[in-house]
Structure formats: structure tokens, C-alpha cells
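Working notes for the structure below.
The values are calculated or read from the model by the stated rules, or taken from the named source; none is laboratory data. Values in this document were obtained by computation on a predicted structure and should not be read as measured data. With ideal geometry, Cβ positions are generated from the backbone for all residues, glycine too; neighbour counts draw on all protein chains shown.
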Amino acid sequence: MTKKEIEKNVELDNKKKLRVIEEVSKLLKERYVFPEKATKMREILLRKYNEGNYDNIEKNGEFALEVDKTLKEISEDKHLFLLFNMELLKNETIRKSNNEEEKQKLENELIENAKQTNFGFLKMEILNGNIGYLDLRAFHKSNEAFETAIAAMNFLSNTNSIIIDLRNNGGGEAEMVQLLTSYFLKMGSQLNYIIRRYENTTDQNWTLPYVPGKRMLNTKLFLLTSSNTFSAAEDFIYALKCQKRAVIIGEKTKGGGHPVDFFPILETFLLMLPTAKSYNPICKDNWEKIGIEPDIPVPAKEALSKAHILALDDLILKEENQTKKLFMKLAKEEASAISKLPEIDKINYQELAGIYEASDYGPTKIIWEDGDLFWATKTIGNVKLTPITEKVFVSKQPGHDDLGFMFEQDIKTKELFLYYFYKRDYEVIIKKKR
């Protein structure tokens, strides 16, 4: 679209305003998933037009906002928009054209843009306790996006539990939902029906018969949510929730449950319109308007530490190897410290000081000096121990910042034990205070 064409298209007068209202109303009546609301929206838009509510509006952006406001007030639909965005309009016009060369060029541009955020796969890591964590910000649809998703799933496949963070995920494409759910559900699990009113058809979505890598059918799965979690992200959560396959932690989601299509309006505006209904045959409903309630409601900012702690609790309960169990307990202490500042001023440091022995590694000396604890060594001198919980201390000295110390008292005998370790290794040295 040339600059001259754009300038022509952004001209706005009352005649064009009326044509926009009529065109929007026609599409609402024919294609909107709730046709009973289309008539009311048209009536109110026309009444406002006839009463002169739009007469003083000279800019397309302001007019779009006013019409959009009315549509939302009546429909309460978070997926329904009237937009004045020439870039989006241009892209949608290309998609609906027969120009295959322009379509491919646009697709390549969108893929390059999506690469800048790694197709929504913002962060992956292994948390303490071998808990997999994925911060997923969007559901993209392209071969490159699918390759990224496959790599992410394989990265997480050997973890004890998995946390997928959807607190900042605003949605995307159903194809990515289908791929990711297929890693956590059996082959042939039904995800939903998509009921299209205008075409009078029903599509059925199922998990894929094959995934590159291994399915994680028995891996404990936690999904983090917020009031910003929306659309395809909710689709992903709802499919797993109805299959009782995941624990949802955080806040109630935003509530956008219907697939949308885009319609150019008079070469100036773009109508984003829900044209189909998503329906889950297991839950026999969807999450439109109401959102998805978490299994464990907590403020969004606390959801990650809560999920990490619950994952570790589950692992601690099942673990028989005492060394691994100790590491998981330590990881839980650290996760708890993130969610809640420890009351470290209540620790009696002086009681923790002393000589700890009963280990193949010989005695370990912990000293108390000027209100702090130190690990006394012959080679590097005294190493200050920084508390992160009431039980756990770490060294922040360069070269030794992977060292951790956990003090624990036997409930029955009152004996005091010290476990010190390299945080990432399964080496726990148990020492008893002399």
C-alpha cells in the first residue's frame, strides 16, 4: 500500500462512519459466535451515530476506539476488537489475496520477527531438585517455531517435574497448543471441538500420533497463571486441566475462549471477530469470559516459588535415596527463601558454632564472630556464611560460591548436624557437632 493510498484511506467523514457501522454490523450478524448480541450492538451503534455521538471525531483511531468500546460493553468479549492499524490491515489484506509471492514474503518477515523472542520460548532452565522450568510467552505457528518447541521439550524430558510459566502468555496459534499438549497426553487424547457457526461445521482437535522425542506422560506438570494469561495459553491449560494432567497455580486467567478471524473494513479498519466456539467434551464447557480458576490460588508473583516447593515436596515424599532426599530438602529451603524472607534475626548463630566431625572428610570448624558465622579453613582462611533461610547458609566468596551449608537438629536427640555440599553435585557430607 503506497503512501498516497494510505492517506486516501485514512480520510474520515460521517458517510464513511455509517458505512463502517453497517459493515461491522453485517459481519457480526453473519459470523459472530454470539449472533443474538449482534442485533443489539448494531442498534446501539446506529443510535449513537444518529444522536451525533461521532460527529466531532475526525481521526480514524479515535473512531475505532469509540466503536470498539461499544462492542465490548455489550458483548463483554475480550477477543472482539475494531482496530485502526494500517500495518496489521496491510498484512491481513496480503493474507487474503491471491499473491503467493507477497504471502511468502510476509510469512518470512513474521518468522524473522518471531525469532527475536525465540518464538515465545523465552527461558528454560533446570531448577534445584532437577525441576524443569519453561517461561513460554506465546504460541507461534511455523516450522521454525515447532523446531524450537521440540528442542524445548527434549531439553525438559529428563527432569523430575516440569513447571511451564504462562503468566505473561497472551496466546497465539492452536497448532502449537496441539504439539505441546501431545508431549503430556496420550496419543489420541481429545483436546476440544471447534464449532464454526457460519460454516456450520465442527472440527475435532486431538493430540498428535507422534512427537519427536519422548512423551512425558508421568512427569508431574505445573502450570503458572495470571490475570494476563489469555486465549491459546488458556486453551493449553484447559485441555490439560480437563484431563487432570496438570496442577494450575496462580491467578484466574483472563477469559478468552473463542477462535478469531480478521476482516478488513473499507480498506481502513480491521475487525477481529470470534467466529467459532471452543468446547471441551470432558469438562463440557469452555473458559469464555469466566477464565480458568487455578487449583492453588496465589498471587502471580508467588506462583513460581509455590510450584517449585510443591514439586519438591512430591519428590521428597517419593525419594528413597537419602542423599538425594537431602538435596531436595535443601532446594525446598532455597525456594522458600525466595518466596518469603527468612526471619534470620531470630537465629542464634552462637549455638551453631563449634566443631563438626563424624565424617570421612575430617572435622569442620564453624566459628561465630561479630554476629556472623564463618567456615574456618586452613587453606583459604575464614569463609563468611550468608543465611538464605533459618537453616541454610551459602558462601558468596569468589571461587567458593557453589558451597552450601545446612544445619539441622534431631528432634529426638537434640543433636545438631551439619550438611555441607557443592550445590550442583550429589555430594553431601554429614557432620555431627562435638
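Some points to look at:
- Residue in the range 364-375 that is nearest to Glu390 (Cα to Cα), counting only those that are surrounded by 12 or more Cβ atoms within 10 Å (Cβ to Cβ) and not acidic (Asp, Glu): Leu373
- Filter pass, Glu109 being over 28 Å from the mean Cα position of the chain (by Cα) and more than 30 Å from Lys289 (Cα to Cα): no
- Boolean, Leu223 is closer than 30 Å to Asn154 by Cβ, touching a strand residue (DSSP E or B) at 6+ places or on another chain (Cβ under 9 Å), assigned by TED's automatic domain parsing to the domain that holds Leu180 and at pLDDT 95 or above: yes
- Count - residues of the range 92-121 that are assigned to a helix (DSSP H, G or I) and closer than 23 Å to Gly171 by Cβ: 18
- Among (1) more than 36 Å from the chain's Cα centre (by Cα); (2) surrounded by 14 or more Cβ atoms within 10 Å (Cβ to Cβ); (3) not charged (D, E, K, R) - the single one Asn60 does not satisfy: (1)
- Number of positions in the range 58-72 that are under 14 Å from Lys40 (Cα atoms) and among the polar types (S, T, N, Q): 1
- Being out of contact with any strand residue (DSSP E or B) (no Cβ under 9 Å at 6 or more places or on another chain), over 25 Å from Phe327 (Cβ atoms) and not assigned by TED's automatic domain parsing to the domain that holds Ala38 holds for only one residue in Ser142, Ser189, and it is Ser142.
- Selection from the range 258-301 of residues that are surrounded by 20 or more Cβ atoms within 10 Å (Cβ to Cβ) and within 15 Å of the chain's Cα centre (by Cα): Gly291, Ile292, Pro294
- Of the numbered criteria (1) in a loop (DSSP other than H, G, I, E, B); (2) in contact with a strand residue (DSSP E or B) (Cβ under 7 Å, 6 or more places away or on another chain); (3) under 29 Å from Thr159 (Cα atoms), the one Ala311 fails is (1).
- Single match in Arg434, Arg424 (criterion: at pLDDT below 75, surrounded by fewer than 19 Cβ atoms within 10 Å (Cβ to Cβ) and farther than 22 Å from Ser305 by Cα): Arg434
- Note on the range 190-221: residues that are in contact with a Lys or Arg (Cβ under 9 Å, 6 or more places away or on another chain) and closer than 24 Å to Ala311 by Cβ total 4.
- Hey, Met328 at pLDDT 95 or above and either hydrophobic (A, V, I, L, M, F, W, C) or surrounded by fewer than 23 Cβ atoms within 10 Å (Cβ to Cβ) (or both) or not: no
- Residue ID - modelled with the lowest pLDDT, chosen from residues in the range 331-381 that are in a loop (DSSP other than H, G, I, E, B) and touching a helix residue (DSSP H, G or I) at 6+ places or on another chain (Cβ under 9 Å): Pro342
- In the range 73-90 there is no residue matching the filter, namely being of a type in the set (Gly, Ala, Ser), surrounded by 15 or more Cβ atoms within 10 Å (Cβ to Cβ), in a helix (DSSP H, G or I) and in contact with a strand residue (DSSP E or B) (Cβ under 7 Å, 6 or more places away or on another chain).
- Subset of the range 233-257 (residues that are surrounded by fewer than 24 Cβ atoms within 10 Å (Cβ to Cβ) and closer than 13 Å to Ser278 by Cα): Gly255
- The residues on offer are Lys306, Lys324, Lys252, and the sole one that is outside any strand (DSSP E or B), touching an Asp or Glu at 6+ places or on another chain (Cβ under 8 Å) and in contact (Cβ under 8 Å) with a residue 40 or more places away in the chain is Lys252.
Conditions tested, residue by residue: (1) charged (D, E, K, R); (2) loosely packed, with under 14 Cβ neighbours inside 10 Å.
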residue	(1), (2)
Asn99	no, yes
Glu112	yes, yes
Ala138	no, no
Asn160	no, no
Asn168	no, no
Gly172	no, no
Phe184	no, no
Gly188	no, yes
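- The range 151-204, subset assigned to a strand (DSSP E or B) and of a type in the set (A, V, I, L, M, F, W, C), residue farthest from Val260 (Cα to Cα): Ile162
- Residue tally, condition more than 11 Å from the chain's Cα centre (by Cα), small (Gly, Ala, Ser) and buried (at least 18 other Cβ atoms within 10 Å of the Cβ), over the range 205-231: 1
- Count of the range 262-303 residues which are assigned to a strand (DSSP E or B), touching a helix residue (DSSP H, G or I) at 6+ places or on another chain (Cβ under 7 Å) and outside the structural domain of Ile163 (by TED's automatic domain parsing): 10
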